[in-house]
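Remarks on the structure that follows.
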Amino acid sequence: MAAGVAAWLPFARAAAIGWMPVASAPMPPPPRDKRRGQDGLIILNVSGTRFQTWRNTLERYPDTLLGSTERDFFFHEETNEYFFDRDPDIFRHILNFYRTGKLHYPRHECISAYDEELAFFGIIPEIIGDCCYEEYKDRRRENVERIQDDEENDNNKDMVLPDMSFRETMWRAFENPHTSTMALVFYYVTGFFIAVSVMANVVETVPCGSGPNRAKEVSCGERYVLAFFCLDTACVMIFTVEYLLRLIAAPSRYKFVKSVMSIIDVVAIMPYYIGLVMTDNEDVSGAFVTLRVFRVFRIFKFSRHSAGLRILGYTLKSCASELGFLLFSLTMAIIIFATVMFYAEKGSSASKFTSIPAAFWYTIVTMTTLGYGDMVPKTIIGKVVGSVCSLSGVLVIALPVPVIVSNFSRIYHQSQRAEKRRAQKKTRLARIHAAKSGGANAYLQYKRNGMLASKQTGQALVCKSNPTFETQHHHLLHCLEKTTNHEFVDEQTYETSCMEVSLAKPSMSRSSSLSSSPHGLSSCCTRRNKRKSFNVPNSYMADGRRSSIQELSTIQIRERPMSNSRSCLNAKFEETVHLNSEEQSYITAAVISMPTPPVTTPEGGDSASSPNFLQSNIVRVSAL
Amino acid sequence: MGAVVGTLTMQTSQRQPSRDKIDDELEMTMVCHRPEGLEQLEAKTNFTKQELQVLYRGFKNECPSGVVNEETFKHIYAQFFPHGDPSTYAHYLFNAFDTRNNGSIKFEDFVMGLSTLLRGTVRDKLEWTFHLYDINKDGFINKEEMTEIVRAIYDMMGKYTYPALKGDVPKQHVDAFFEKMDKNKDGVVTLEEFVLACQEDENMMRSMQLFENVM
């Protein structure tokens with residue numbers, strides 16, 4: 001803390017003279033200054049912008065980059081300055097921190113960029129001054145949420161573990177209908193039945209024309225009792241089954257039972273069962289009729305199908321305090337005006353304002369500017385009070401409503417942004433992967449040209465007009481190939497080799513090497529095919545070839561194949577190259593990895609299928 | 001409804017005067033003071049030009065208006081002693097620096113004081129310390145003043161000390177002080193007594209040299 005006022009330290013030490021006469025013990029010896037030299041100017045060149053400051057200013061904070069000897073790593077001898085290849089705009093704030101002791105956060109800067117700069121210069125963000133701290137924390141939280149959102153979607157959509165139990169798959173299907181066709185079908189079926197059930201409830205009260213034996217009009221419900229009963233039964237059956245399935249599949253049953261949606265489900269189906277139980281009992285049939293009202297709650301089941309409805313519910317929940325205030329202020333105003341109205345109209349004859357509660361109705365109708373006209377004041381005072389009532393009603397209601405509306409708008413826009421991000425993510429990822437695969441493809445291209453050239457002329461690889469960076473990168477990949485005795489190939493080749501492997505030997509035994517690293521392979525291949533469970537390694541390849549390839553980014557380096565297979569490998573190498581040269585129009589590049597079953601190789605060594613199988617010993621990285 | 005609105009408006013009208021007061025205060029602090037030239041200050045004090053530059057830069061950083069008032073002075077001093085409460089001692093220091101007794105320290109006062117403390121003769125330093133202790137500036141230090149000073153020093157230590165502070169420790173210090181300083185035992189210490197006694201005390205003389213190379 002004292003570093004901010006470091007310049008006043010000499011004063012503080014001088015003022016200690018006041019302690020001397022009081023002290024009973026002698027003072028400790030003073031520290032010896034290491035650098036008694038002049039306080040010099042330091043030039044900090046940040047991407048061309050020169051900043052200058054006193055050396056002492058920087059050394060106030062010795063645990064940061066600029067204050068410690070770490071800055072010597074950035075010293076540029078020729079120009080006698082410290083050069084940093086960083087953002088000069090953000091550096092300004094960092095240098096101000098040294099000068100004033102307070103770190104500020106500029107609102108227009110991106111939070112990630114700012115955090116990176118702080119991390120680089122060794123400054124912890126917790127020391128941001130109060131003036132900017134709130135803003136910084138808010139932005140940081142938004143950023144974290146955004147990243148979490150992305151990750152969640154990633155996990156939800158893509159990651160499927162093969163060992164997910166049936167219960168877990170079911171729960172996922174319920175929560176996210178887009179995971180499988182079954183779930184989608186279920187989703188639409190329940191939606192349809194909710195609609196049917198609500199429509200039936202509505203239609204059964206419509207008058208349907210007089211029945212054959214009766215004089216008066218009856219409602220459709222009473223006319224076609226059986227039909228409606230069957231319809232109701234069917235719907236409730238579906239709802240019950242759905243509820244039970246959700247209950248079984250829920251990861252935490254207690255939490256599920258407590259949740260709002262499950263309560264709505266129960267309330268929707270309960271009236272039917274209660275009705276079944278207590279038919280033909282005249283006393284309680286009145287109550288039973290009331291229960292049928294609860295059937296209308298089935299319409300709330302639609303909130304699983306509509307995001308907008310969920311947002312509305314969430315908004316109301318989050319605005320509970322504003323709604324409460326609205327209710328409270330309205331109640332206060334109603335009571336006040338009703339009382340005044342009652343006493344004002346007490347005198348007039350045949351007044352409808354028989355009591356204060358009776359006047360409540362008038363007040364509510366007036367304050368909400370409905371004005372039914374069933375209750376009207378007759379006295380002059382009554383009319384004055386009535387007009388004040390209607391004016392203030394507008395005010396009282398208009399005040400909390402914008403708060404609720406803005407809340408709704410904020411939450412709605414947030415969810416819109418999330419949706420947009422998710423939609424754009426696919427294109428974003430596609431762009432990233434195109435870039436990635438472009439790089440990988442470049443290497444294959446280079447290899448083809450280089451390899452072919454070396455094969456034909458037997459000379460060292462000649463690089464064409466590639467920039468230095470690319471050349472070195474390609475050389476590096478080449479070294480990796482040589483190290484592992486595996487090769488980079490693309491997807492097509494991999495698939496063809498897979499096909500050959502699966503056709504060749506269906507009875508390939510499981511390998512020990514596979515068992516030693518099941519997870520790597522399972523995550524490699526399982527991503528591509530979610531539905532089947534895999535026992536045989538080769539069937540991975542077979543199925544994987546058929547199903548759609550999704551994103552993989554693992555390089556798996558298998559153990560070297562045995563020596564007797566190396567010759568086969570070299571033979572395969574030629575085939576690979578030929579394959580590559582034929583199929584030139586690949587957009588994606590793939591590097592394949594497969595297990596090598598050392599046990600079976602000798603057996604399969606003499607059969608024609610072994611080169612095909614060993615063809616599969618290629619390292620694969622697929623980037624879609 | 002109207003009554004409610006009426007009460008609301010009444011409250012705002014009450015707030016108006018206080019807001020004006022704050023605006024006035026802001027205006028006052030905008031007053032700036034500039035010190036005399038570097039050469040004059042160099043002549044008056046025992047500091048070199050570079051030292052004055054360093055001192056002024058630090059001074060101006062904390063007090064852009066060019067004067068230190070007591071609040072700022074206490075705030076700065078408190079940064080050095082985060083454990084305890086140095087505000088009382090800072091108050092006495094402020095009075096010692098504020099030779100003109102007008103409630104604010106200009107850079108010249110600051111530098112003159114520092115010059116005495118760091119570069120002055122032993123006698124100058126002792127005189128300055130005497131003036132620090134003499135709270136009411138009557139030329140004598142009595143027991144009450146000394147107790148005040150000692151208590152202020154102990155306040156800077158704060159609560160968490162080892163061994164724990166007991167109530168009569170300041171008193172012991174004061175008694176020891178008077179034992180040493182008050183030659184004629186008249187209950188007060190004069191400047192001459194103070195200077196003589198200090199010059200006789202070896203520890204103190206050695207301590208005085210401690211802060212010579214502070215700059």
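FYI, it's all coordinate maths here, none of it is from the lab. Worth saying up front: this structure is predicted, and the values here are computed from it rather than measured. Backbone-built Cβ (ideal geometry, glycine too); neighbour counts: all protein chains shown.
Please give the residues of the range A:219-247, grouped as numeric ranges, whose backbone N is less than 15 Å from a label point set 7 Å along the Cα-to-Cβ vector of A:L291. Inside the label zone: A:233, A:236.
Each Lys and Arg contributes +1 and each Asp and Glu -1, all at the Cβ; summed about the Cα centre of the range A:312-429, the dipole is approximately 1040 debye.
For the range A:301-431, the alpha-carbon coordinates run over 81, 27, 21 Å along the three principal axes, in decreasing order.
Computed about its Cα centre, the charge dipole of the range A:167-305 is approximately 480 debye, with only Lys, Arg, Asp and Glu carrying charge at their Cβ. For A:C208, nonlocal amide neighbours, meaning residues 5 or more places apart or on other chains whose placed amide H falls under 5 Å from its own, are A:V218, A:S219, A:C220.
The order of A:H486, A:H305, going from fewest to most other C-beta atoms within 10 Å of their C-beta, is A:H305, A:H486. The amide H of B:V67, built 1.01 Å from its N in the peptide plane, has B:H33 as neighbours under 5 Å, considering only residues 5 or more places off or on other chains. Inverting the pair-averaged 1/r between distinct Cα atoms of the range A:41-155 gives 15.3 Å as its Kirkwood hydrodynamic radius.
How high is the FRET efficiency between A:R140 and A:I404 when r is their beta carbon distance and R₀ equals 30 Å, given to the nearest 0.05? The computed FRET efficiency comes out at 0.60. Among residues other than A:Q52 with Cβ under 12 Å from its Cβ, the summed charge is +2 (Lys and Arg +1, Asp and Glu -1). Using R₀ = 35 Å, calculate the FRET efficiency as 1/(1 + (r/R₀)^6) where r is the Cβ-Cβ separation of A:E151 and A:S329; round to 0.05. Plugging the Cβ-Cβ distance into 1/(1 + (r/R0)^6) gives 0.20. Fully extending the segment from A:N176 to A:T339 would add 53.2 nm, taking 0.36 nm per residue of separation and subtracting the current Cα-Cα distance. Taking other Cβ atoms within 10 Å as a rough exposure proxy, A:M164, A:M341 sort from fewest to most as A:M164, A:M341. Counting Cβ atoms of other protein chains within 10 Å of each residue's Cβ and taking the mean over peptide B:204-210 gives 5. Remark: A:V405, A:V396 ranked as A:V405, A:V396, counting other beta-carbon atoms within 10 Å and listing the fewest first. Across the options A:V202, A:F256, A:Y188, the greatest Cα extent toward the positive end of the charge dipole of the range A:167-305 (unit charges at beta carbon of Lys, Arg, Asp, Glu) belongs to A:F256.
For the range A:113-122, putting each phi into the Karplus relation 6.51 cos²θ - 1.76 cosθ + 1.60 with θ = phi - 60° gives couplings of 4, 4, 4, 5, 5, 4, 5, 4, 8, x Hz, in residue order, rounded to whole numbers and with x for Gly and Pro.
Each of A:G393, A:S318, A:T339 was placed along the dipole of the range A:312-429 (beta-carbon charges, centred on the mean Cα), and the one lying farthest toward the positive end is A:S318. Simple spin-label estimate for B:H83 and A:S306 gives 6.8 nm between the two label positions (7 Å along the Cα-to-Cβ direction from each Cα). On full extension, the segment bounded by A:A320 and A:T49 gains 92.3 nm, given 0.36 nm per residue less the C-alpha separation. Available extension along the chain between A:L391 and A:K216 is 58.3 nm, counting 0.36 nm per residue and deducting the alpha carbon span.
Distances between placed amide hydrogens fall under 5 Å for A:F51 paired with A:L44, A:N45, A:V46, all partners being 5 or more residues away or on another chain. The mean number of Cβ atoms from other chains found within 10 Å of a Cβ in peptide B:70-79 is 3, as a whole number.
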